[in-house]
Amino acid sequence: MTKITNSKVQRKRLNHYAGWKYVVLICTVLIMLLSAIPTIYGEDPALQINHKQDQQPALHVLKQTLEGSNIAVKRIDQDMDKTTIVLTDLSTQTRAKAILEATLPADDDITLALVSAAPSWLQSMGLKPIKLGLDLRGGVQFLLDVDMEPVFNIRAQQLVDNLRTDFREEGFRGVRISINHNNSLQLNLPTDEAKVTLLKLMHNNYPQWKVTQSSGLLVEVGIPQTEKTDIINLTVQQNLQTMRSRIAELGITEAMVQRQGEHRIRIELPGVQDPATAKNVIGATASLAFHELETVRSGSMLVNNNDGIPIRIARDAILGGEHIIDARASVGEIGAAEVNITLDNAGGKKMSSFTKHNIGKPMATLYSEYSRNADGSTKKTNNIISVATIQAQLGSQFRITGAGNMADAQELALLLRAGSLTAPVTIVEERTIGPSLGADNIQNGFSALALGLGLTLVFMALWYRRLGWVANIALIANIIILFGLLALIPGAVLTLPGIAGLVLTVGMAVDTNVLVFERIRDKLREGRSFAQAIDCGFDSAFATILDANITTLIIAVVLYSVGRGPVQGFALTLGLGILTSMFTGILVSRALINKLWGRDTRHDLKV
Amino acid sequence: MTININNSNKKKSNNYSQLRYISSAVSVVFMLVAIAFLSINGLNWGVDFTGGVITEVQMDPTITMSEISPLLQSALNQNVNVIEGGEMGRWILRYAEPTTGIGIPDITEVLAPLSTNIQVLNTSIVGSQVGQELAEQGGLAILVSMLCIMAYLSYRFEWRLASGALFALLHDVLFVLGVFAALQLEFNLTVFAAILAIIGYSLNDSIIIGDRIRELLILKPNLAIADVNNDAIGATLSRTMVTSGTTLMTVSALWLLGGEPLNGFSVAMFIGLIVGTWSSIAVSTTLPEFWGLNARHYQVVELKKGGYED
């Protein structure tokens, strides 16, 4: 009795999906389709002009100016403080920017941008096209290395100076201190009391440092690894910030500045064709500091000025460049170029209290630039760019003259404005992809995808006949969902290897269906009805599908976490492809098959 | 009747088994040859891994390599690798980052005597340290993924069965690397990605056969292991062929239309798919058999009860 009811229940449920499942499936596919559509329209190159309110440039003038220079304008949108000029051709973007910069008021900010070309109703839903990687869009990519060596070296040097003073004050003589190659300190102490004093000093005054080794009167102190990691993180963060503001100076809206690994920074500048300008701004790491002039040797150093004359200045700066908020080049009263500097509050106070007691004395402006030697080591070049007499008590605003001509002053101001760097940064990798090559790559990648998809669809339809069509619908749904997801997931970038991953996915996605169909064929051969075969086929294939896909998923996850740039794009599409193909291959095709043949009790049919 | 079927099966399966053993031996020979190529020729590491400069230029198709090379050689003071690009007039120039002085010269200026219309399509400059780090990271990636996969396999499969899949995987990767070493094709980052994808694909194939073996071992515990293997391969053969076929089709499409940057990737995938299919059919089942895999390894073992043991 019980048995019969059970089998009845089973029969009733065989190959049946509840109505809500269909609703969910259809909605998913539709939403993904909607999200994928803007990608088809792509993006248009544009210029964005940020201007003051009520100072909008006249639209017809803009249009005439550009069209007069043979630059086709697609559309111009104007808000209160922003005008967006949409162009038709990417290659005219840079030229258009130069033309507008010459005609518009100087304080208008013009940036290169890309805007979605999709109809506004799609854009108003917040749907955006898939972000393209540099290899598809063209542009410049830099990898910067933040050299931590000098940072630690400076700290070690500071500690040496401080300890020497401390020991002198405590009345110990004969303390020998040297810096090891790993920037730890080696102390050779004269007496046991000196050692006790040292340990007390270290504990009270320099908690950052720890005694790493101690045998008799030989003591080694260093910065512990956790502390070092903190310092590295802080330094790289500061550099990231600096790079972001420097890049902002270049006026590229889509620029990306990102930390990579422990001490690397990756910068992507889509649309930039000439790496030289960007490189000058990024690569030159300059810092500025104000120093007192010295006459005695101790605690001082000799630095050449612009004319090669050595000048003795105090080693410790009055004020470092990190206090600089703003720096602007302008033409001074006597017609010479000058840089107007604004300091932050703390910097202003420091400057104020120093200059108060030193009016009439000279102050040197030390300009340091880091560059990389042929052998890969970083070189610091010091240069005194000006020695000026302090004319009055300076506050948080003052100016430096004598920085050279207007162009020099402008460059200096730009670098200063972007902030100061304590760790030298050098370019260790540089890639430039021309826009035509990027377009070629898209063209090639997508025609390969189209051909691969076409071949697979034809093959499946021929090989599995009616079931093949189901697999084909599932495959198309798979592609739609994949594109939809790529557009939706924040940070997802489509690269050329990413397209390769898509093409590969197309070939492998049918596997899920193939596994099921082969099982169904088996079951039919065993003499079951079509409906039963479908039920058994899906059930028995499921474990296999899971097993087979998880290994590739593991690979994709590892590749995504270790890889970067284009390869990360590959890992992304490969991994997403596996997930979506399992979704469509199992759920979507089952839903279709259930509706079509879920009650089909024929035994003698070929699939 | 049962005896009959078994007999006829046996005859056939003996043939299949022999075929499998022979092809396994062939595969081992392939692996040895691949290792020989790898150790003699070595891989032609791309700029991604070695560091250096790659510039792709487009110029008048009538200009030949013998005109380009000397100009670059003298300007850069080193041996410049000039490789034909995807189409006529497109060249890929590869050289080490100049160690002295002024940095990288403007290629259009260097080649100006040949033509004034030279277009630099892309340039990559990779520091040697970065390349080295990338190579280390890549090695780490392979190691980590192998560990994860082994952990998964040992969780899902008996070790004897898992060893077969791993052996097939090793075979596939070695074979593809061997081909790259023998033909001195450039091994760059996308090829590396392809190698990892091949690992995934190779396992995928082996696992599906392994799944069947497991199923059959549980279902028909009395069948000889060689027959189980043959049956499992037979049952999955059409699936293996269809999936390999569709994937091979799409990879061919990529090879055909994907353009120069994806060439290495497509070639690696193409070879990897073929050997991956071969190895999962021919090789992956032989090793478990060799280790003496049998149905007992997949039987539900009853917990020992005091005194009852056979």
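Condition check for A:Leu288 on (1) within 14 Å of another protein chain (Cβ to nearest Cβ); (2) in contact (Cβ under 8 Å) with a residue 40 or more places away in the chain; (3) more than 28 Å from B:Leu121 (Cα to Cα): one failure, at (1). Where helices (runs of 4 or more DSSP H) sit wholly within region B:205-292, those with at least 2 residues that are under 25 Å from A:Tyr464 (Cβ atoms) and not assigned by TED's automatic domain parsing to the domain that holds B:Trp91 occupy B:225-257, B:263-282. Residue under question is B:Leu217, and the condition is that it be among the hydrophobic types (A, V, I, L, M, F, W, C), surrounded by 21 or more Cβ atoms within 10 Å (Cβ to Cβ) and at the interface with chain A (Cβ under 7 Å from one of its Cβ atoms); does it hold? So B:Leu217 fails the test. Checked against (1) farther than 16 Å from B:Phe192 by Cα; (2) free of Cβ contacts under 8 Å to residues at least 24 places away in the same chain; (3) crowded, with 20+ Cβ neighbours inside 10 Å, A:Leu524 passes all but condition (2). For the residues A:Met508, A:Met460, the requirement of being within 24 Å of A:Ile26 (Cβ to Cβ), surrounded by 21 or more Cβ atoms within 10 Å (Cβ to Cβ) and within 10 Å of chain B (Cβ to nearest Cβ) singles out A:Met460. Of all residues in region A:426-454, those satisfying the criterion of being touching a helix residue (DSSP H, G or I) at 6+ places or on another chain (Cβ under 7 Å) and facing another protein chain (nearest Cβ under 7 Å) are A:Val428, A:Glu429, A:Glu430, A:Thr432, A:Ile433, A:Asn441, A:Asn444, A:Gly445, A:Ser447, A:Ala448, A:Leu451, A:Gly452. Applying the criterion of being farther than 30 Å from A:Ile550 by Cβ and buried (at least 16 other Cβ atoms within 10 Å of the Cβ) to the residues of region B:129-153, the residue that is farthest from the other protein chains (Cβ to nearest Cβ) is B:Gly131.
Among the residues of region B:151-168, those that are in a helix (DSSP H, G or I), of a type outside the set (Phe, Trp, Tyr) and at pLDDT below 90 comprise B:Ala151, B:Leu153, B:Ser154, B:Arg156, B:Arg160, B:Leu161, B:Ala162, B:Ser163, B:Gly164, B:Ala165, B:Leu166.
Would you check if A:Lys210 is within 30 Å of A:Gly321 (Cα to Cα) and at pLDDT 85 or above?
Numbers: within 30 Å of A:Gly321 (Cα to Cα): yes; at pLDDT 85 or above: yes.
Judged against the criteria, A:Lys210 is a match.
Can you confirm whether B:Arg156 is within 12 Å of chain A (Cβ to nearest Cβ) and charged (D, E, K, R)? Steps first, answer last, please.
Working: within 12 Å of chain A (Cβ to nearest Cβ): yes; charged (D, E, K, R): yes.
Yes, satisfied.
One line per residue, one yes/no per condition, for (1) part of a loop (DSSP other than H, G, I, E, B); (2) modelled with pLDDT under 85:
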position: A:Lys3; (1), (2): no, yes
position: A:Arg11; (1), (2): no, yes
position: A:Tyr22; (1), (2): no, no
position: A:Gln53; (1), (2): yes, yes
position: A:Thr65; (1), (2): no, no
position: A:Ile85; (1), (2): no, no
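Among the residues of region A:171-223, count how many are of a type in the set (D, E, K, R) and farther than 24 Å from A:Ile154 by Cβ.
Of region A:171-223, the ones of a type in the set (D, E, K, R) are A:173, A:176, A:192-193, A:195, A:200, A:210, A:220.
Right, trim to farther than 24 Å from A:Ile154 by Cβ and you get A:173, A:192-193, A:195, A:200.
Matching residues across region A:171-223 total 5.
Within region B:172-222, the only residue that satisfies the criterion of being under 17 Å from the mean Cα position of the chain (by Cα), over 21 Å from B:Leu262 (Cβ atoms) and among the acidic types (Asp, Glu) is B:Asp205.
Checking the condition modelled with pLDDT under 90 and in a helix (DSSP H, G or I), which residue from A:Asp539, A:Asp547 passes?
Details: A:Asp539 fails: modelled with pLDDT under 90.
Going through A:Asp539, A:Asp547 in turn, just one is modelled with pLDDT under 90 and in a helix (DSSP H, G or I): A:Asp547.
Would a scan of region A:314-322 turn up a residue that is in contact with a Lys or Arg (Cβ under 8 Å, 6 or more places away or on another chain), assigned to a strand (DSSP E or B), more than 14 Å from every other protein chain (Cβ to nearest Cβ) and not hydrophobic (A, V, I, L, M, F, W, C)? Among the residues of region A:314-322, not one is in contact with a Lys or Arg (Cβ under 8 Å, 6 or more places away or on another chain), assigned to a strand (DSSP E or B), more than 14 Å from every other protein chain (Cβ to nearest Cβ) and not hydrophobic (A, V, I, L, M, F, W, C), which makes the answer no.
Taking region B:263-286 as the region of interest, how many residues are closer than 25 Å to B:Gly210 by Cβ and either within 12 Å of the chain's Cα centre (by Cα) or surrounded by 24 or more Cβ atoms within 10 Å (Cβ to Cβ) (or both)?
Going through region B:263-286 one residue at a time, the tally reaches 15.
A residue that is in contact (Cβ under 8 Å) with a residue 60 or more places away in the chain, closer than 30 Å to A:Leu269 by Cβ and in a strand (DSSP E or B) occurs somewhere in region A:146-169.
Selection within region A:549-572: residues that are surrounded by 23 or more Cβ atoms within 10 Å (Cβ to Cβ) and more than 8 Å from chain B (Cβ to nearest Cβ). The member of this set that is farthest from the chain's Cα centre (by Cα) is A:Leu572.
What about B:Thr246, is it at negative phi and modelled with pLDDT of 90 or more?
Values: at negative phi: yes; modelled with pLDDT of 90 or more: yes.
Taking the combined requirement at face value, the residue satisfies it.
The values are calculated or read from the model by the stated rules, or taken from the named source; none is laboratory data. Predicted model, so just to flag it, every value in this text is computed and none were measured. Reconstructed Cβ throughout: ideal geometry from the backbone, glycine too, with neighbour counts over all protein chains shown.
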